[in-house]
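All remarks here apply to the structure that follows.
The values are calculated or read from the model by the stated rules, or taken from the named source; none is laboratory data. Computed from a prediction, not measured in an experiment: that's the story for all the values here. Positions of Cβ are generated from backbone atoms using ideal geometry, with glycine treated the same way; all protein chains shown enter the neighbour counts. Calculation scope for accessible area: heavy atoms of the full protein, side chains included, ligands and nucleic acids excluded. Shrake-Rupley method; radii C 1.70, N 1.55, O 1.52, S 1.80 Å.
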Amino acid sequence: MWRDPNKALAQSGPYLRSGDIRMRVAVIGAGYVGLVSGVCLADFGHQVTCIDKDSRRIAALKRGEIPIFEPGLDALVEANVRHGRLAFAADLSAVAEADAVFIAVGTPSRRGDGHADLSFVYDAVKEITPLLAGTAILVTKSTVPVGTGDEIERIVRARRPNTDIAVVSNPEFLREGTAINDFNHPDRVVIGSDDARARAVLAAIYRPLLDAAPFVHVGRRTAELIKYAANAFLATKISFINEIADLCECVGGDVEDVARGIGLDERIGPKFLRAGPGIGGSCLPKDGLALIKTAHDYGMQLRLIETVCAVNEARKHAMAGKVAAALDGAVGGKTIGVLGLTFKADTDDTRDSPSLALIAGLQDRGATVRAYDPAGMEQAKLSLTAVDYCNDPYAAAEGADALVIATEWQQFRTLDLPRLKRAMAQPLIVDLRNIYDIEAMKRADFRYVALGRSGQATIPVQIPRQRLRAMTA
Ligand code: NAD
């Protein structure tokens with residue numbers, strides 16, 4: 001029976017602010033988004049079951065082992081399991097009881113054409129549709145192209161014609177590494193639905209955030225597009241400052257100062273203005289490609305975003321050349337230490353990480369690579385072979401002709417420089433995250449190569465025309 005959330009909200013007490021309206025929620029997919037969303041919704045007071053078809057993942061979760069690295073997640077899972085609000089399952093039975101079912105399965109790039117691979121989403125929908133309560137709300141949290149909600153609705157209506165099941169888009173904006181804080185303190189909650197009942201249920205589920213964040217109620221297609229537009233904008237901003245970093249190297253400017261100088265302009269803002277080795281991760285690169293493909297489907301071209309994607313991809317591959325340039329053009333036969341394999345700090349996620357392109361490029365040029373990452377080595381081992389994986393940064397520096405800082409992990413900011421120098425064959429640090437002070441490096445007697453800071457060699461980033469043509473075809 002559907003419970004009126006507004007009525008229940010009116011009776012809610014101050015404790016959880018979701019008061020009496022503890023919703024029964026099922027989350028399909030217990031990955032970075034599903035697990036974090038599930039545990040945070042349980043922490044709001046709802047009764048949540050996180051479901052994943054990976055039974056080993058579920059068995060680990062039931063043993064209290066967290067399959068992903070996300071600061072604070074273990075304690076939050078433990079507390080909510082202990083309070084009986086959070087459960088894990090490899091089967092779908094909890095779906096039948098759920099007021100709302102969130103879909104949080106992966107939507108990777110489809111091999112070959114860059115379209116979002118929606119097979120996981122559609123498979124999940126087909127699996128759960130026969131089990132859904134007749135008034136359930138089906139919520140897409142996965143990042144899906146415009147129109148996916150319409151197709152989900154078509155699948156549901158074809159199988160369950162005489163029900164009130166509503167299909168809602170509720171894109172997720174959390175960032176790995178700060179995911180719990182992001183979920184609990186979002187800049188906005190986007191709810192894409194024209195269905196008043198669905199909106200009310202979502203409002204009830206997100207009740208603890210009602211005072212804290214703007215709720216953006218829009219149509220479903222618009223909600224789907226908001227997520228892609230946000231990621232495309234962020235990718236554009238980073239690519240912009242990366243290009244300015246390259247220009248700084250040519251003209252003798254300092255990109256850190258330029259970023260500060262423009263970021264203080266409120267219209268621009270200081271965030272996402274850190275020069276780096278290119279954007280990685282499981283979202284921004286693949287979502288850019290998917291947006292381009294969506295535009296193609298409608299007969300239009302997103303020239304700006306196409307260029308951003310191409311420039312970013314080229315940049316990741318240009319980084320090995322930058323390291324080679326710092327070693328007088330050649331790394332063949334040299335040993336390179338790489339610190340950081342994940343696409344950013346505070347995650348174990350190496351999907352599309354610039355480090356992978358960097359290491360492959362170094363190996364292609366004949367270098368031996370020693371690498372260390374605080375959390376990402378297991379994932380990296382799945383795609384990078386012939387790397388000497390080390391137990392700490394100093395072991396990675398052992399005998400190295402250059403040490404590359406590829407990820408901005410906190411522990412890489414406070415390295416014991418004299419110890420590093422003793423370990424290395426020559427004192428050269430290539431800092432692709434600009435986390436060190438140039439003067440401190442000089443004092444420690446290191447040759448220090450960073451991005452877009454005064455006095456650095458120029459490594460122009462070339463957009464491979466073939467790739468650009470393929471993307472714009
Ligand atoms: P993930 O790969 O970490 O997790 C997906 C999980 O879904 C896996 O554990 C997989 O086993 C499970 N799964 C797949 N099909 C299933 C099915 N039919 N039934 C049950 N479980 C199933 O993915 P993720 O990084 O959490 O991303 C999920 C979605 O959220 C993607 O669309 C992504 O673009 C989006 N997103 C990700 C982030 C992020 O930072 N990772 C942020 C915002 C949005």
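Placing unit charges on each Cβ (+1 for Lys and Arg, -1 for Asp and Glu) gives the chain a dipole about its Cα centre, and among Ala79, Thr294, Ile405 the Cα reaching farthest toward its positive end belongs to Thr294.
The aspartates and glutamates within cross-link reach of Lys62, meaning a Cα-to-Cα straight distance under 14 Å and a gap of 8 or more places when in the same chain, are Asp52, Asp54, Asp74, Glu78, Asp91. Each Lys or Arg adds one and each Asp or Glu takes one away; over the other residues whose Cβ falls under 11 Å from the Cβ of Pro108, this sums to +1.
When all protein chains stay in place and ligands, DNA and RNA are ignored, the 1.4 Å accessible-area order of Ser454, Ser193, largest first, is Ser454, Ser193. Annotation note: chymotrypsin sites (Phe, Trp or Tyr not before Pro) in region 291-387 located in DSSP loop regions with a Cβ neighbour count of at most 15 within 10 Å are Tyr298. Which percent of the accessible area of the chain is formed by carbon and sulfur heavy atoms (probe 1.4 angstrom)? Accessible surface attributable to carbon and sulfur in the chain totals 52 percent.
Here the relative contact order of region 250-449, from alpha carbon pairs under 8 Å that lie six or more residues apart, stands at 19 percent. Normalised by the residues of region 18-130, what does the relative contact order come to in percent, with Cα pairs under 8 Å and at least six apart? Normalised by residue count, the contact order of region 18-130 is 31 percent. Each residue of region 177-183 was assigned a 3J(HN,Hα) from its phi angle through the Karplus expression (A = 6.51, B = -1.76, C = 1.60, θ = phi - 60°), giving x, 10, 5, 5, 4, 4, 5 Hz with x at Gly and Pro. Amide H contacts of Ile191: Val216, His217, Val218, each under 5 Å away and 5 or more positions distant or on a separate chain (H built 1.01 Å from N in the peptide plane; Pro and chain starts excluded). 3J(HN,Hα) along region 349-360: 7, 10, 4, 6, 5, x, 4, 5, 5, 4, 5, 4 Hz, from the Karplus curve 6.51 cos²θ - 1.76 cosθ + 1.60 with θ = phi - 60°, whole Hz, x for Gly and Pro. In order along region 70-84, the phi-based Karplus estimate (6.51 cos²θ - 1.76 cosθ + 1.60, θ = phi - 60°) of 3J(HN,Hα) comes to 8, x, x, 5, 4, 5, 5, 5, 4, 5, 6, 5, 4, 7, x Hz; Gly and Pro are listed as x.
A cut-off of 5 Å between modelled amide H atoms, ignoring neighbours fewer than 5 places along the same chain, links Asp431 with Ile405, Val449, Ala450. Applying the Kirkwood pairwise sum to the alpha-carbon positions of region 250-449 produces a hydrodynamic radius of 17.8 angstrom.
According to the calculation over all Cα-Cα pairs in region 41-120, the P(r) per 10 Å bin from zero is 16, 41, 30, 11, 1 %. Of the chymotrypsin sites (Phe, Trp or Tyr not before Pro) in region 15-102, the ones in a loop by DSSP (not H, G, I, E or B) with at most 12 other beta carbons within 10 Å are Tyr15. Near the amide H of Ala345, within less than 5 Å, lie the amide hydrogens of Glu408, all on another chain or at least 5 residues away, with H placed in the peptide plane. Taking a straight line from the alpha carbon of Lys286, these lysines sit under 29 Å away, with near neighbours fewer than eight places off in the same chain left out: Lys53, Lys126, Lys141, Lys227, Lys237, Lys271, Lys316, Lys322, Lys344, Lys381. The residues of the chain expose, per residue, 43 Å² of accessible area to a 1.4 Å probe. For region 49-153, the set of GluC sites (Glu not before Pro) satisfying both a DSSP loop assignment and a count of at most 13 other C-beta atoms within 10 Å is given as Glu65.
Ellipticity at 222 nm from helices only: DSSP H runs of n ≥ 4 in the chain, each -39500 (n - 2.57), divided by the residue count, give -12500 deg cm²/dmol. Among beta bridges identified by DSSP and lying wholly in the chain, the antiparallel ones come to about 5 percent.
In the chain, the alpha-carbon atoms span a convex hull of 154 Å³ per residue. Summary value for the chain: 12 percent relative contact order, contacts being C-alpha pairs under 8 angstrom separated by 6+ residues.
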